[in-house]
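Visitor: Before I ask anything, here is the structure I am working with.
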Ligand code: OOB
């Protein structure tokens, strides 16, 4: 009989069962180090090397260590205490990294929201976390959005927020730059404590918070750095938001710092921002979400920037089409690494020495030998090897419960503590996983459930379709209509021709699209994945052609 799940601690962490905790410690996966103490160690080991480059900021390891200490002292002076939650909504700036380390040193818990979040998400997260402070930029150059206005709305909704700290012109609030005080002795948090709260990446429902402990997140960064072959000569470019797990710790900024490398922050993943940094800083590795990669491939054809330092392009966050994966080595002159990860924990990587075929078609295998995975059918029973099923997982850096979400937790985990991911996968004999879609990303058409992913893969084989999504639209007759939404390469196919094309590929008639819609761009989520919900909404506002 599986034992009942341990109850959440007052900090909101659902602990791992004692026997597994012992195992993770004995294997050295959990090593008792806090994230704040790690920065001290790195500063001792790599003192004068460049740790961080962001805009005008260039910080050595020693600078970063000192700046974090000074900010931690100032935050303590404001009355921010161990265990307090602080909402952080900063773009890719030096201030983000300094603040992150200041908070974890203090034992205060950063809630890492993304710059694209707005009042719906931030208001909810502020109330859920009962945050005592909210840290924002003034105005983002890219879109002119004024976060001080957002702060006003947040203060109305979340009475626990006592301080708004602004990187830039503070308006009526406090300037983050003013948070500077003589370093002082601060009690060190415990490595088993919650170090940070990540925001779940789902595109449906309200975001949930994921507690990550110091030592589980430290492992996440360190083991990822190892799998990516990072060392002191590595230069990582964070193009994606650093508040997202991928760019923060997979291996991201933290993994790079753990080996004495240089972390460079780009203001955006647009080639005109990223390419000059790759050239100037001799970037060796970076990470993108797949929708951005065709753009990089196109730009690399004419952009004069020298990208020859780049060794590895990590692709993750959503499925990388096989055809795009195959174009990367020639198009960008570097290897591709597929990363199938989740803020909840489990990370899968293709390895740098994997057969290129596996790298093109799979999304990697688990990072840690202690990651446990099961692929199950709708009844929770393991499927036959190689068959598609839902991925369940547990392990040393995978959550055991969302933060303050007892009702959701009752259905999001199995009785023996596996996280029910909602991802459909099949496992290759090598152990690599191929992602086949989401459990709920199906279109219910005339009583048949059609996988959106399956249709998308077929659509992408059409020579004039560059990007494709299959969405279900309400239909009184057959439940849902299957709508193919495409970004064409040049001239778009007609619906009739597309149906014929798919039929010739041997697709069953009930899987053929009822409707075809052409768009210039797909709406994207805060981190740049295709936002299916927004897409379906957009299309349902158009009248059928
Ligand atoms: C990453 O994390 P999240 O939390 O924003 O999103 C997780 C979900 C997964 O459950 C899966 O549905 C999808 O995003 N996903 C992929 C994928 N990587 C993530 N689906 C297909 N292929 C992939 N390679 O997205 C994330 C976290 C750490 C590293 C990389 C990505």
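Visitor: Taking the DSSP beta bridges in the range 87-196 as the whole, what percent of them are antiparallel, to the nearest 5?
Guide: The answer is about 10 percent antiparallel.
Visitor: Here is a follow-up. Could you work out [θ]222 nm for the chain from helices alone, using -39500 (n - 2.57) per DSSP H run of at least four and dividing by all its residues? Round to the nearest 500 deg cm²/dmol.
Guide: Working: 17 runs with 171 residues, N = 545.
Taking each H run of at least 4 residues, the total per residue is -9000 deg cm²/dmol.
Visitor: Give me P(r) over the chain, computed from all C-alpha to C-alpha distances, binned every 20 Å, as integer percentages.
Guide: Final binned percentages: 21, 56, 22, 1.
Visitor: Round to the nearest 10 and give me the degree value, 0 to 90, for the angle of helix 271-281's Cα axis relative to the longest principal axis of the chain.
Guide: 50 degrees
Visitor: Between residue 27 and residue 534, what length in nm is gained on full extension when 0.36 nm per residue of separation is reduced by their alpha carbon distance?
Guide: Numbers: separation 507, 0.36 × 507 = 182.52 nm, distance 4.43 nm.
Computed gain between residue 27 and residue 534 is 178.1 nm.
Visitor: Within a 10 angstrom radius of the beta carbon, how do 239, 368 rank from fewest other beta carbons to most?
Guide: Details: 239 27, 368 20.
Placing the least packed residue first, the sequence is 368, 239.
Visitor: Considering only DSSP beta bridges with both partners in the chain, what is the antiparallel share in %, to the nearest 5?
Guide: Within the chain, antiparallel bridges account for around 55 percent of the total.
Visitor: Using the basic label-point model (7 angstrom from Cα toward the beta carbon), what is the residue 141 to residue 160 distance in nanometres?
Guide: 3.5 nm
Visitor: In what sequence, highest mean first, do 380-388, 132-140 appear when ranked by Cβ atoms within 10 angstrom? Working shown, then result.
Guide: Details: 380-388: 12.0, 132-140: 22.0.
The most tightly packed comes first, giving 132-140, 380-388.
Visitor: Hey, with R₀ at 56 Å, roughly what FRET efficiency would residue 476 and residue 305 work out to, going by the Cβ-Cβ distance, to 0.05? Let's see the in-between values first.
Guide: Values: r = 53 Å, r/R0 = 0.95.
Working from the Cβ atoms, E equals 0.60.
Visitor: What's the angle, to the nearest 10 degrees (0 to 90), between helix 35-46's Cα axis and the longest principal axis of the chain?
Guide: The helix 35-46 is inclined about 80 degrees to the chain.
Visitor: Would you mind calculating the gained length between residue 169 and residue 44 on full extension (0.36 nm times residue separation, minus the Cα-Cα distance), in nm to one decimal?
Guide: Length gained, residue 169 through residue 44: 41.6 nm.
Visitor: So for the pair residue 130, residue 60, with labels modelled 7 Å out along Cα→Cβ, what separation do we get in nm?
Guide: Using points 7 Å along Cα→Cβ, the separation is 4.4 nm.
Visitor: A follow-up question, please. Go through 445-457, 296-308, 276-288 and give me the packing order, highest mean Cβ count within 10 Å leading. Intermediate results must be reported in sequence, preceding the final value.
Guide: Details: 445-457: 17.5, 296-308: 14.1, 276-288: 20.8.
So the peptides 445-457, 296-308, 276-288, ranked by packing, come out 276-288, 445-457, 296-308.
Visitor: Kirkwood Rh, the range 442-540, all Cα pairs: how many Å?
Guide: Details: mean 1/r = 0.0739 Å⁻¹.
By the Kirkwood definition, the hydrodynamic radius is 13.5 Å.
Visitor: If the chain between residue 510 and residue 78 were fully stretched, how many nm would it gain, using 0.36 nm times the residue separation less the Cα-Cα distance?
Guide: Working: separation 432, 0.36 × 432 = 155.52 nm, distance 6.22 nm.
Between residue 510 and residue 78, full extension yields 149.3 nm more.
Visitor: Looking at the range 245-381, send over the antiparallel percent of its DSSP beta bridges, to the nearest 5. Don't jump to the answer; show the numbers that get you there.
Guide: Values: 6 of 15 bridges.
The antiparallel fraction comes to roughly 40 percent.
Visitor: Same structure, new question: For labels at residue 282 and residue 327 in the simple 7 Å Cα→Cβ model, what's the distance in nm?
Guide: With each label placed 7 Å out from Cα toward Cβ, I get 3.1 nm.
FYI, it's all coordinate maths here, none of it is from the lab. Being a predicted model, the structure only gives us computed values, none of them experimental. Glycine also receives a Cβ, built like all others from the backbone with ideal geometry; neighbour counts cover every protein chain displayed.
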